[in-house]
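The values are calculated or read from the model by the stated rules, or taken from the named source; none is laboratory data. Remember, it's a predicted structure, so these values are computed and weren't measured experimentally. Here the Cβ is made from the backbone with ideal geometry for all residues, glycine too, and neighbour counts use every protein chain on show. Protein only, heavy atoms only, side chains kept; ligands, DNA and RNA dropped before computing areas. Shrake-Rupley method; radii C 1.70, N 1.55, O 1.52, S 1.80 Å.
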Amino acid sequence: MAELARVPLIAGNWKMNLDHLQSIAFVQKLAWSLKDARHDFAAVEVAVFPPFTDLRSVQTLVAADKLPIGYGAQDVSEHASGAFTGEIAASFLAQLDCRYVIIGHSERRTLHGETDEVVAAKSVAASAAGLVPLICVGETAEDLETHGASAVPVSQLAIALEGLQKNADFVVAYEPVWAIGSGQAATPEQAQQVAAALRAVIAEKLGDEAAARTRILYGGSVKAENIAGFMRQPDVDGALVGGASLDVDGFSSIARYQKHVGV
Ligand code: 13P
């Protein structure tokens, strides 16, 4: 498959951590830390995913200080508006200048019963509102044992892509459920194997051009000490970082993996 230049993305999923005041301090410090280290944002994109209640604050800070940091939400409604208590529409996120939205994180799938069909509907809603869906897929330890590593993520992605246009801008995150928050990351080779299979699904569903330009991230116990190995893999284009994204220095160091990638 033709290699297109895919700008790597280092994304921090804060989950339910950091309130709006803390988010301001965090994003400010992160921007300083990366600027201090002369981080090249055009070479490696950096984005954070704070809770909904932080987004307006992050938007205001990023706009006022013209910070080169992207941001997005951790979930979105599949509906445009109406009687959906507690839900947030994609258009609301677009109004806050969110570029991305995480969809189908394993915690939403397991704790909130999100099916592949819901993930697909949310991806369509996000894309229609001009957001870039960051679609998460991944197998449980049991799936891994029964079906091997790629079967479940591949089938999850095939359904998630069903409604997307050929030219839709989206990102895929491969997050093995057993690697999330466990301290036991996949090996770079495992991540590469599944990322290659996911790229093949994109090619099959949306064509070679979409497959060549779409970024596939690895997530699950990523930290400064192991990011380099993942980034050396040809089909891994970044990371979705949970716990380690809550520490400014650690996250900044992950974003600057090129300094310690050792190639
Ligand atoms: P950890 O990096 O804490 O394992 O979490 C990964 C994750 O779920 C990111 O979305």
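Here are the numbers:
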{"quantity": "Pairs beyond 29 Å (Cα-Cα), from 35/166; 15/259; 15/35; 166/223", "calculated": "35/166; 166/223"}
{"quantity": "Residues with amide H under 5 Å from that of residue 71, placed H, sequence gap 5 or more", "calculated": "48, 99, 100"}
{"quantity": "Ranked by how many other beta carbons lie within 10 Å on average, peptides 108-120, 183-195, 231-243 from highest", "calculated": "231-243, 183-195, 108-120"}
{"quantity": "Magnitude of the charge dipole, the chain, Cβ model with Lys/Arg +1 and Asp/Glu -1, debye to 20", "calculated": "780"}
{"quantity": "Paired Rg and Dmax values of the range 1-144, which use every Cα atom, in angstrom", "calculated": "16.0, 47"}
{"quantity": "Of all accessible heavy-atom area on the chain, the percent that carbon and sulfur account for (1.4 Å)", "calculated": "53"}
{"quantity": "Residue 114 long-range amide H proximity, modeled H, under 5 Å", "calculated": "109"}
{"quantity": "Relative contact order computed over the chain (Cα-Cα under 8 Å; 6+ residues apart), in percent", "calculated": "20"}
{"quantity": "Solvent-accessible area per residue for the chain (1.4 angstrom probe, square angstrom)", "calculated": "44"}
{"quantity": "Range of Cα positions in the range 40-80 per principal axis (Å), largest first", "calculated": "37, 22, 16"}
{"quantity": "Spin-label pair residue 165/residue 6, simplified geometry with 7 Å Cα→Cβ offset, distance in nm", "calculated": "2.2"}
{"quantity": "Positive dipole terminus of the chain, leading residue within 197, 67, 182 (C-beta point charges)", "calculated": "67"}
{"quantity": "Rg(Cα)/(2.2 N^0.38 Å) for the range 139-263, N = residue count", "calculated": "1.05"}
{"quantity": "Dipole of the chain, positive direction: furthest Cα of 44, 132, 77, with charges on the beta-carbon", "calculated": "44"}
{"quantity": "For the range 1-91: relative contact order, % (alpha-carbon pairs under 8 angstrom, 6 or more apart)", "calculated": "31"}
{"quantity": "Per-pair calculated FRET efficiency, R0 = 51 Å: residue 259 and residue 83 via Cβ, rounded to 0.05", "calculated": "0.50"}
{"quantity": "Computed [θ] at 222 nm, deg cm²/dmol, the chain (DSSP H ≥ 4; -39,500 (n - 2.57); rounded to nearest 500)", "calculated": "-12000 deg cm²/dmol"}
{"quantity": "Listed residues 216, 24, 103, most fluctuating in the chain (Gaussian network, C-alpha, under 10 Å)", "calculated": "24"}
{"quantity": "Contact order normalised by residue count of the range 86-187, Cα under 8 Å, 6+ apart, percent", "calculated": "30"}
